[in-house]
Amino acid sequence: MTRPPAVLAASLAILALSSVSALALDAASAPTGVVSQAAPARGLTTPLEAFGHEVGADYRLITYSQFERYLQTLAGQSDRMKLLEIGKSSEGRTQYLSVVSSPQNLANIDRYQEIARRLAKAEGVSEAEARALAAEGKAVVWIDGGLHSTETVPPQALIAALYEWLTAEDAEARRILDDVVILFAPLNPDGWELVSTWYMRNEDPLKREYASIPRLYQKYVGHDNNRDYYLSAMTETTNVNRQFFREWFPQIIYNHHQTAPAGTVVFMPPFRDPFNYNYDPLVMSTLSEVGAAMHSRLIEEGKPGSTMRSGANYSTWNNGMERSVTYFHNAVGLLTEITGHPTPSQISLIPDNQLPRNDLPLPVAPQTWRFAQSIEYSQSINRAVLNYASRNKDRVLFNIWRMGQNAIDKGNADTWRVTPSAIDAMNAAAGENARRVDPALYESVLRDPARRDPRGYVIPADQADLPTAVAFLNSLIKTGVDVERATRAFTIGAKTYPAGSYVVKTAQAYRPHVLDMFEPQDHPHDLQYPGGPPKLPYDATGYTLAMQMGVQFDRILDGFEAPTERVADVMAPPPGRIEGNGRAGWLIDHAPINGYVLTNRLLAAGVPVFWQEGETRAGRQTLAPGALWIPADDKARPIVEAAVRDLGLNAHAVACAPGGERIALKPVRVGLVDRYGGSMASGWTQWMLEQFEYPFEVIYPQRLDAGDLNKDFDVLVFASDMIPADLSAAAQREQPAPDSIPAEYRGWLGHITAEKTVPQIDAFARAGGSVVTIGSAHRLAAAMGAPVQDVLRGADGKPVASTDFFIPGAVMQTEVDNSRPLTFGAPSRMNVFFNRNAGFRPAGEGASMVRYPQQVEVSSGWAIGADKLSGADAVLDLEHGEGRVIVLGPDVVNRAQARASSRLLFNALFYGPAVTGADD
């Protein structure tokens, strides 16, 4: 069915609206608030009237601020729309949600929202009640745009879609509006504003482009805003997760993206294998149904060029993306990747893509492609999804209950997930009889009692770093998981847990997400062909958040009860305590990561802070090496007391200063290196430094090349993607000409090169500065002449072939000597995130402090040839002239998830300046 003429006439523009409705919700109020809901109006302001050009007009992009004004105008005119504020962006812009349905549905929207909640959570809802609620309720479908802001089709199409569904009067549209509540959401206001403004800054349309934008299109994280959905660190992600799993509970979530694979128009589901073994299979079968409806709609309308599965690399394994986190919450997550650009583009000729096949049923001819065509395709796909939801309203509502109830039932019984390692164990047990496997092995191997799924997890309140455990639990709460807190001590088996311990049971609707955050990911051995190289996974294969954050927890395999109360919302760390009455000062254990916040506050106030080099007695306790010693004075006391109260730290007030050697800390001047266009790894590092209150300055290659770095900095930090494999000037990417960009960004241009930059960094270190490299930035240390030898390179200097070694994002176990300043506070065995990183040959006798075990352990994910890391160092601390080069081999930041190993970075920032005697 073709779309009605009213939709084809939908339009956008960049003319400012003359009047703007006042916002009804103050920014400091609740996370979700009504901006406006109007009485019905005869006519709505069309996009053409508002902006002056048609939807998808060549060389035109509308900014977010213009869209915001149009949103408020429509909300004041339409009885099909309820406009909500759902939070603020990282730069302070408002995120909106447009709730669109029939006027009758909007009049009862609270009831339909409650039905969606009860069915999604399933708790206390019988099957008969679920069927009745499904019949009464309305399907809830989320449609968004603009997450990746240089993907310009989705945000522009979002405006066209909103106008379409506020004005469409055809029979299909009226039925959909009666059956469905549509949630239209812009995801990245800041990036939308940046990219559109940058594109439109040139008066000459032929010079318009956004390839040269100077910074990340979402503050801190850029493209990684679609990798944050289980951690929920960014404000934008948290705002969206709240709508998904705590407010609206949509059964279908459609995340628009671009660009399409070459020679096609749009990639749509279904996706390629592997899928994740934690979620309900009904998610995948329903996803295939919706995907079929999407492809069929385009083909019915004569719109060629849609591809699926093998047409692209997208899978459903990793939990971090917006559309994939939904699978772990029993919802159907859709991703489309469409072609298109405001500057006319080309559909290329790929000969193989002219031959129809299951995954590309109707090929598209090579041609010039217009922006408006992409908008039209997007509208058709929206219609396909919404029509599916309407035609299957009762099913999608009932099935989200069914999956939630399945999860609750599994959490109350002995269950086993079948994963690749279980199949490997079965094949090993079968031995030479692999072609005729004894059926008894199903019970003895796949139903081995030791392989049971947990009934729940207990996070003890007396663990070394409780504030980090609370941060982990907050990530669960943000994604709708039910967390409970013990009101008194309780015992399970032979172990007693103190009051205040936390319990996460798997008998809840979002059990798949719970398992995915606690249990190892067991990725299949996925090769391009037997004996061949591995297939590149879409993202990290192992990412278990509890492991990355270093949370201590117990897996409880049998049913259990505990005296608990449900946690209502995200939590502050429980207040710590001050033990003892001494007046000489305070000792604080180095293990809680919030200690770095306290240290930075004390140093900022001019208060002395020390690290005790050996073990230290504090009352009846012995604190491990690295304990903070804070001599008492009037400025220190309120800072320490506030940290105990707000940061969850325990302090020991002692009567006399501790003995033993100590390291005097000093305020550090940190230079965090970035580049024009922005580094996501540097952005994540910036976010972490801000969270832990480190003073720092973002600097660029021109500043490095200028030299005299010791004048301004004590430490230079190079994040994992900052150093290319080839540092020669000739190998660097082309950048815009200085006179083609605003003057404020010209100082950001430049490259880190072997010829000009490395000598200045080398001089900085030799004069007493500290150079800290993370992950693949270890290449810089080698370029400086430091003794960095990568065990993953052959005698010829070339990397080991992927058939022999391949770890594309996995959690690895390390052994730690935590008596060293760089490792103070770390456990003796620590998980690190390894993503195409390095292992190092020991740099000298006794130099090893973090190493991979002789028997290498993959804690979570997929690894080929992991034994090549056997005994290799993961961290190097190298003297370099009067200064230091500190090489942190793993990605100790990893999208702000790797808190267990982030302490290595935090220690490095203080340690180098403290021991080199660099000037304050």
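No lab work stands behind these numbers, since they all come straight from the coordinates. Since this is a predicted model, take the numbers as computed values, not measurements. Glycine also receives a Cβ, built like all others from the backbone with ideal geometry; neighbour counts cover every protein chain displayed.
Size descriptor for segment 478-635, Kirkwood hydrodynamic radius: 20.1 Å (Cα pairs only, one decimal).
Can you give the local net charge around ASP273? Use residues other than it whose beta-carbon is closer than 12 angstrom to its beta-carbon, Lys and Arg +1, Asp and Glu -1. Taking every Cβ under 12 Å from that of ASP273, the sum is +2. For segment 578-664, the orientation-averaged shadow of the C-alpha convex hull comes to 4.8 nm² (one quarter of the hull surface).
Each Cα pair under 8 Å and six or more residues apart adds its sequence gap; the mean of these over the residue count of the chain is a relative contact order of 10 percent.
Protection proxy ranking, highest mean first, for peptides 64-72, 101-109: 64-72, 101-109, where packing is the per-residue count of other beta-carbon atoms within 10 Å, averaged.
Any idea what angle helix 189-200 forms with the longest principal axis of the chain, computed on alpha-carbon atoms, 0 to 90 degrees, nearest 10? With rounding to tens, the tilt is 70 degrees. How far is helix 420-430 tilted, in degrees, relative to the longest principal axis of the Cα atoms in the chain, given as a value from 0 to 90 rounded to the nearest 10? Its long axis makes an angle of about 80 degrees.
With a Förster radius of 56 Å applied to the beta-carbon distance between ASP110 and HIS525, the computed FRET efficiency rounds to 0.65. Here the dipole of the chain is about 920 debye; that uses its Cα centre as origin and unit charges on the Cβ of Lys and Arg (positive) and Asp and Glu (negative). For segment 5-406, the orientation-averaged shadow of the C-alpha convex hull comes to 18.6 nm² (one quarter of the hull surface). Remark: segment 578-664 carries a charge dipole of roughly 140 debye about the Cα centre, counting +1 on each Lys and Arg Cβ and -1 on each Asp and Glu Cβ. Only helices enter the 222 nm calculation for the chain: every DSSP H run of n ≥ 4 contributes -39,500 (n - 2.57), and dividing by all residues gives -8500 deg cm²/dmol, rounded to 500. For segment 88-110 and segment 476-520, what is the separation of their C-alpha centers, rounded to whole Å? When both Cα centres are located, 33 Å separates them. Computed on segment 382-454, the Cα convex hull volume stands at 160 Å³ per residue. At full extension, ALA135 and ARG175 could sit 12.9 nm farther apart than now, given 0.36 nm per residue minus the alpha carbon distance. With a threshold of 18 Å on the Cα-Cα distance, the over-threshold entries among LYS121/LYS478; LYS82/LYS393; LYS88/LYS478; LYS478/LYS505 are LYS82/LYS393. When the Cα atoms of segment 164-301 are aligned to their principal axes, the ranges along those axes come out at 46, 39, 34 Å in descending order.
Over all other residues within a Cβ to Cβ distance under 9 Å of ALA312, the charged ones net out to +1, with Lys and Arg as +1 and Asp and Glu as -1. Sorting LYS138, LYS219 from the fewest to the most surrounding beta carbons within 10 angstrom yields LYS219, LYS138. Spherically averaged projected area of the convex hull of Cα atoms, segment 639-762: 11.5 nm².
Both radii were evaluated on the Cα set of segment 452-566; the Rg over Rh quotient, with Rh as the Kirkwood radius, amounts to 1.07. Give the calculated FRET efficiency between ALA743 and LEU441 to the nearest 0.05, with a Förster radius of 60 Å applied to their Cβ-Cβ distance. In this case the efficiency is close to 0.25. Say R0 is 35 Å: what FRET efficiency, to the nearest 0.05, do ALA731 and ARG201 get from their beta-carbon distance? Calculated transfer efficiency: 0.70. Annotation for GLU301 and SER65: the two label points, set 7 Å from Cα along the Cα-Cβ direction, are 3.3 nm apart. Note on VAL800 and ALA128: the model spin-label points, each 7 Å out from Cα along the C-beta direction, lie 6.3 nm apart. Projecting the Cα atoms of TYR327, VAL265, GLN346 onto the charge dipole of segment 265-351, computed from C-beta unit charges around the Cα centre, puts GLN346 farthest toward the positive end. Measuring against 29 Å, Cα to Cα, the residue pairs LYS756/LYS798; LYS219/LYS303; LYS495/LYS868 contain LYS219/LYS303; LYS495/LYS868 as the ones spanning a longer distance. Stretched out straight at 0.36 nm per residue, the stretch from THR491 to ASN433 would grow longer than its current Cα-Cα span by 16.3 nm.
Across segment 756-798, Cα-Cα distances exceeding 17 Å account for 34% of all pairs. The local environment of GLY825, defined by Cβ-Cβ distances under 10 Å, has a net charge of -1 under the rule Lys, Arg +1 and Asp, Glu -1.
Scaled against 2.2 N^0.38 Å for its residue count N, the alpha carbon radius of gyration of segment 647-690 is 1.95. Of the labelled options (i) 0.97; (ii) 1.12; (iii) 1.09, which one gives Rg/Rh (Cα atoms, Kirkwood Rh) as computed for this structure? It is the value labelled (i).
Placing pseudo-labels 7 Å out from each Cα toward the beta carbon at ASP273 and ASN581 gives an inter-label distance of 7.0 nm. Report, in degrees rounded to the nearest 10, the 0 to 90 angle that the Cα long axis of helix 109-121 makes with the longest principal axis of the chain. In the chain, helix 109-121 runs at an angle near 50 degrees to the longest axis.
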